[in-house]
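Beneath this line is the structure, given in structure tokens, with notes to follow.
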Amino acid sequence: MKLKKQDSQIYSLINLETERQKNSLQMIPSENHCSPAVREALGSLLTDKYAEGYPGKRYYGGNQFIDKVETLCIERAKKLFKVEHANVQPYSGSPANMAVYVAVCDPGDVTMGMALPMGGHLTHGWKVSATGKFFKPIQYGVDEKTHLICYDDLEKMAREHKPKLIWVGATAYPRIFDWARLGKIADSVGAYLAADIAHIAGLVVGGVHLSPVSFVHIVTTTTHKTLRGPRGGIIMVTKKGIEKDPELPKKIDKAIFPGLQGGPHENAIAAIAVCLKEASAPAFKKYAAQIVKNAKMLAEELKKYGFDIISGGTENHLLLIDLRNKHIFGADAQNLLESIGISTNKNSIPFDPAPPFKPSGLRLGTPAITTRGMKEKEMKQIAAWINEVIENPGNVKKIKKEVTVLCKKFPLPK
Ligand SMILES: *Cc1c(COP(=O)(O)O)cnc(C)c1O
């Protein structure tokens, strides 16, 4: 009520965004709707407190309660992910990944990661990212025919270039990773292996995907994607990581503070703690399983309408469509879907002949619509709408009305 009086411009923009989220389907796979409890912690006056350092070792006074908040968050992360060490201070996923480089690499060291246009993340060594400028990244991709990671090629590359650090994790890869094989490859070349589970963290803790924890040294994640928390990041060290390098937890903590960051956002850390509690409840297992069931149903239905799904389907929360046989670019499909109230994003497909700002693909996912309670039946309907509007853009008005009706039936978390 205060904001409305004090800053009516921001107040009304927040209202407009709230209405947009309510009345359309959020199908960008990296997005979700966190709970009001998470938002309450995020909006608390914990944002006012400086707490540089770590629980029990702060550079400021008055942290007796803040210490308890951060410790609770760390303990919940360790228990949920089954790791030895957790740092919950990264401001987001990218700073978390940067801290891993700072912890285990020197500038100019050889690193390895999946190339961005193949489904990898900027921070895995893509050239415009600082991680591509300060280190020497070798980039792997997927097979041109199967669209799956070719582990034989990856192994050959690792043996040839002897990277200090190998990243595995993706933003647009619809398949599960062979963590056991990756663990062996990293061990054979003496590299640190980091699993970046930003997209799939919710699927891992929900028990639908095999956890990488026993195969890798380091795990990084965002907290706002399938994990359904506030924006943030976590870096974890596994038992295997400590066996390789007993100093690893210390190196990670030092890389975050004082290496890269100043005061931690304790309001966000409190909200992450709330999200971790939610993610350890039995209901979250059901949620995680439904995300994947929904994505699979969506992929199967779209295939029936002749859509070309990269890798032939999905095993996680997202699908990538190669739109070339539908004679529409990703950006145009994104705009068309937006006009009926379905929010997705244009995306490069592996070996995309089109340039990155005009890619041939569309990426969509089910985490947020599954949070609203949608199931297989709704996925069939959504696939039908996607097909209808791409086949017949003249039907926009009619379909948008139908989408709004569905949105009313499945409100945002209350
Ligand atoms: C989203 C993502 C990140 C970065 O997260 P931000 O919070 O946007 O900085 C890092 N790695 C992967 C694989 C991601 O999908």
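The values are calculated or read from the model by the stated rules, or taken from the named source; none is laboratory data. Everything quoted here is computed from the prediction, not taken from an experiment. Because the Cβ atoms are built from the backbone with ideal geometry, glycine has one as well, and the counts that use them run over all protein chains shown. Accessible surface is based on the protein model in full, side chains and every heavy atom, while ligands, DNA and RNA are left aside. Shrake-Rupley method; radii C 1.70, N 1.55, O 1.52, S 1.80 Å.
To keep it simple, each residue is scored yes or no on (1) in contact with a helix residue (DSSP H, G or I) (Cβ under 9 Å, 6 or more places away or on another chain); (2) of a type in the set (D, E, K, R); (3) open to solvent by 10 Å² or more (accessible area, probe 1.4 Å).
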{"site": "Ser311", "(1), (2), (3)": "no, no, yes"}
{"site": "Leu319", "(1), (2), (3)": "yes, no, no"}
{"site": "Asn335", "(1), (2), (3)": "no, no, yes"}
{"site": "Pro353", "(1), (2), (3)": "yes, no, yes"}
{"site": "Pro359", "(1), (2), (3)": "yes, no, no"}
{"site": "Arg363", "(1), (2), (3)": "yes, yes, yes"}
{"site": "Met374", "(1), (2), (3)": "yes, no, no"}
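What residue, among those in region 221-243 that are part of a helix (DSSP H, G or I) and farther than 19 Å from His124 by Cβ, is farthest from the ligand (Cβ to nearest atom)? Ranking the candidates gives Glu243 first. In this structure, does Pro107 turn out to be open to solvent by 40 Å² or more (accessible area, probe 1.4 Å) and not charged (D, E, K, R)? Criteria met by Pro107. Close Cβ contacts (under 6 Å, 6 or more residues apart or on different chains) running from residues in region 155-172 that are closer than 9 Å to Met112 by Cα to residues that are in a loop (DSSP other than H, G, I, E, B) and within 14 Å of the ligand (Cβ to nearest atom) comprise Val168/Phe177.
Within region 244-273, the residues that satisfy the criterion of being open to solvent by 40 Å² or more (accessible area, probe 1.4 Å) and either touching a strand residue (DSSP E or B) at 6+ places or on another chain (Cβ under 7 Å) or assigned to a helix (DSSP H, G or I) (or both) are Lys244, Lys250, Lys251, Lys254, Pro258, Gly259, Leu260. Restricting region 120-134 to residues that are surrounded by 12 or more Cβ atoms within 10 Å (Cβ to Cβ) and not in a helix (DSSP H, G or I), the residue that is nearest to the ligand (Cβ to nearest atom) is His121. Given the condition assigned to a loop (DSSP other than H, G, I, E, B) and under 30 Å from Asp153 (Cα atoms), answer yes or no: does some residue in region 23-31 qualify? Within region 23-31 (the criterion being assigned to a loop (DSSP other than H, G, I, E, B) and under 30 Å from Asp153 (Cα atoms)), the answer is yes, since at least one residue qualifies. Does region 50-57 contain at least one residue that is open to solvent by 30 Å² or more (accessible area, probe 1.4 Å) and small (Gly, Ala, Ser)? Within region 50-57 (the criterion being open to solvent by 30 Å² or more (accessible area, probe 1.4 Å) and small (Gly, Ala, Ser)), the answer is yes, since at least one residue qualifies.
Cβ-Cβ contacts under 6 Å between residues 6 or more apart (or on different chains), taken from a first residue in region 340-354 that is among the β-branched types (Val, Ile, Thr) to a second residue that is open to solvent by 20 Å² or more (accessible area, probe 1.4 Å) and not in a loop (DSSP other than H, G, I, E, B), are listed as Ile340/Val396; Ile340/Lys400; Thr344/Gln334. Determine whether Met98 is aliphatic (A, V, I, L, M) and not assigned by TED's automatic domain parsing to the domain that holds Pro246. Taking the combined requirement at face value, the residue does not satisfy it. Cβ-Cβ distances below 6 Å connect the following pairs, each with a first residue in region 191-209 that is more than 20 Å from Pro282 (Cβ to Cβ) and open to solvent by 10 Å² or more (accessible area, probe 1.4 Å), a second residue that is among the hydrophobic types (A, V, I, L, M, F, W, C) and within 16 Å of the ligand (Cβ to nearest atom), and a separation of six or more residues or different chains: Tyr192/Leu165; Asp196/Trp167.
Assess whether Tyr91 counts as being open to solvent by less than 10 Å² (accessible area, probe 1.4 Å) and among the hydroxyl-bearing types (Ser, Thr, Tyr). No; evaluated as a whole, the condition is false for this residue.
Condition (residue is more than 16 Å from the ligand (Cβ to nearest atom) and open to solvent by 10 Å² or more (accessible area, probe 1.4 Å)) applied to region 162-169: is it met by at least one residue?
Here is the first cut: in region 162-169, the ones more than 16 Å from the ligand (Cβ to nearest atom) are 162-164.
With the extra rule that they be open to solvent by 10 Å² or more (accessible area, probe 1.4 Å), the set shrinks to 162, 164.
Yes; the residues of region 162-169 include at least one that is more than 16 Å from the ligand (Cβ to nearest atom) and open to solvent by 10 Å² or more (accessible area, probe 1.4 Å).
Of all residues in region 67-112, those satisfying the criterion of being touching a residue at least 60 places away in the same chain (Cβ under 8 Å), within 16 Å of the ligand (Cβ to nearest atom) and outside any helix (DSSP H, G or I) are Asn87, Val88, Gln89, Pro90, Tyr91, Ser92, Met112. Of the residues making up region 236-245, not a single one is assigned by TED's automatic domain parsing to the domain that holds Gln89 and within 21 Å of Glu31 (Cβ to Cβ).
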